[in-house]
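Undergrad: If you scroll down you'll find the structure; I have some questions about it.
None of the figures in this text is laboratory data; all of them are computed from the coordinates on show. These numbers come from a predicted model, not from an experiment. Because the Cβ atoms are built from the backbone with ideal geometry, glycine has one as well, and the counts that use them run over all protein chains shown.
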Amino acid sequence: MINKNKPKLTLVGAGPGDVDLITVKGAKALGAADVVLYDALINRELLDYAPDALKIFVGKRKGFHRYSQDEINEIIVKNAFEHGHVVRLKGGDPFVFGRGGEEVDYVESFGIETQVISGISSAISVPTNVGVSLTKRGVSESLWILTGTTSERQLSEDVKLAAQSSATVVILMGMSKLSQITAIFKQHGKSDTPTVVIQNGCSENEQVGLGRVDTIVDIVAEKELSSPAIIVIGEVVKESVKFRAFFEEIHQQIVEKQQSL
C-alpha cells in the first residue's frame, strides 16, 4: 500500500498530567495525526483526541525502557514514511528535559518536515497547582530549573551552583538523588530552607511532602513518595496559602524552644 500522506513529525507537549492542560493547538494536532507515539507520563485520555490514529507506546520509566532513544528516533522516521503525520506526544514540554531537540534533529536529517507545539511544563505548573509562586517580589527574584540526574546517571554539578544562590530551585528527576541534593544545600547553610516534594502533580493521584531541607528526606520516606516527582527548594514554598500555617507552626516551635533555653 502506497502512503499518500506527506511525512511529517509534530512534537506535542502534553502538559503535566491534567487532561485539560494540553493546549488547543496540541489537541488539534492529535486530531490530525495518522500515528501517535506517546510517553509513559502522559494522561491516556489525551489519546481520545486521535480516535482514528495508530497509537504506539514508546514510554520510558526508571528501570524500564520499552525502546531506547535511538530506537524511538527510528520508529518516528519509519512511521512518517509509512503513514504520514506522526505526533510525538511527550509529557510536559518536549524541549524541557524531554529530548525533543534530539528527535527533531534526527528526523530532519531525513528531510521530514517537523513542528513543535509547546506544552505546559511540569516545572512550572506542578508547583503552581499547590499554590507555590516560583518567583515573588521581595522573596525570590530568580529561578533555577535543573535535572537532578544527568544522562550519565550522576548528580548534576549545577545543583552546587543553585545551592549557592538565593533563587527558587526546581529539580526534576531528582528523587533518587534527594539525600545528595539536600546534603549540598546543607553545606551552603540552607538547612532550614522550605522544601516541598510533589508526586504525580496536577493529577488525581497527587501527593505532597512538605518540610525543610534538613527534614524532607525523612518526610519523603514516611509518606513513601517516589518518582515521578518534582522538588522545590526556596523561601517561596512557605508563601503558599496552602502551606503557610505549617511553616508558621514550625517557626513558633523554634521560638518556644529558644525561649525555654
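Undergrad: Set the Förster radius R0 to 45 Å, insert the Cβ-Cβ distance between Lys6 and Thr135 as r into 1/(1 + (r/R0)^6), and round the FRET efficiency to 0.05.
TA: Working from the Cβ atoms, E equals 0.60.
Undergrad: Can I ask one more? Just to check I understand the Karplus step: with θ = phi - 60° and J = 6.51 cos²θ - 1.76 cosθ + 1.60, what whole-Hz values come out for the range 204-212, glycine and proline as x?
TA: Ordered by residue, 3J(HN,Hα) equals 5, 9, 4, 9, 10, x, 10, x, 10 Hz.
Undergrad: Using a Cα-Cα cut-off of under 24 Å, which lysines could be cross-linked to Lys55, ignoring same-chain neighbours fewer than 8 residues away?
TA: Lys4, Lys6, Lys8, Lys25, Lys28, Lys78, Lys90
Undergrad: With charges set only on the Cβ (+1 for Lys and Arg, -1 for Asp and Glu), what does the dipole of the range 1-125 come to about its Cα centre, in debye to the nearest 20?
TA: The dipole magnitude comes to about 140 debye.
Undergrad: Sticking with this structure for a sec: Tell me, what is the percent relative contact order of the chain, built from C-alpha pairs under 8 Å that lie six or more residues apart?
TA: 18
Undergrad: For a test of the definition: using alpha carbon positions, the gyration tensor, and the 1.5 limit on a/c, classify the range 8-117 as rounded, prolate or oblate.
TA: In terms of gyration-tensor shape, rounded.
Undergrad: What does the highest-first list of 129-139, 12-22 look like by mean Cβ count within 10 Å?
TA: 12-22, 129-139
Undergrad: Sticking with this structure for a sec: Calculate the dipole size of the chain relative to its Cα centre from +1 charges on Lys and Arg beta carbons and -1 charges on Asp and Glu beta carbons; express the result in debye to the nearest 20.
TA: 80
Undergrad: How far apart, in nm, are the 7 Å Cα→Cβ label points at Ala245 and Leu161?
TA: Roughly 4.1 nm, to one decimal.
Undergrad: Take every Cα pair under 8 Å in the range 122-255 that's 6+ residues apart, average their separations, divide by the length, and report that relative contact order as a whole percent.
TA: Result for the range 122-255 is 28 percent.
Undergrad: Here's another thing I want to ask about it. How much length is gained if the chain between Glu113 and Ser151 is pulled fully straight, taking 0.36 nm per residue apart and subtracting their Cα-Cα distance, in nm to one decimal?
TA: Here the answer is 10.9 nm.
Undergrad: Cα atoms only: what Rg and Dmax, in Å, come out for the range 126-210?
TA: 13.0, 37
Undergrad: Additional query: Scaled to the compact-protein estimate 2.2 N^0.38 Å, what is the alpha-carbon radius of gyration of the chain, rounded to two decimal places?
TA: 1.14
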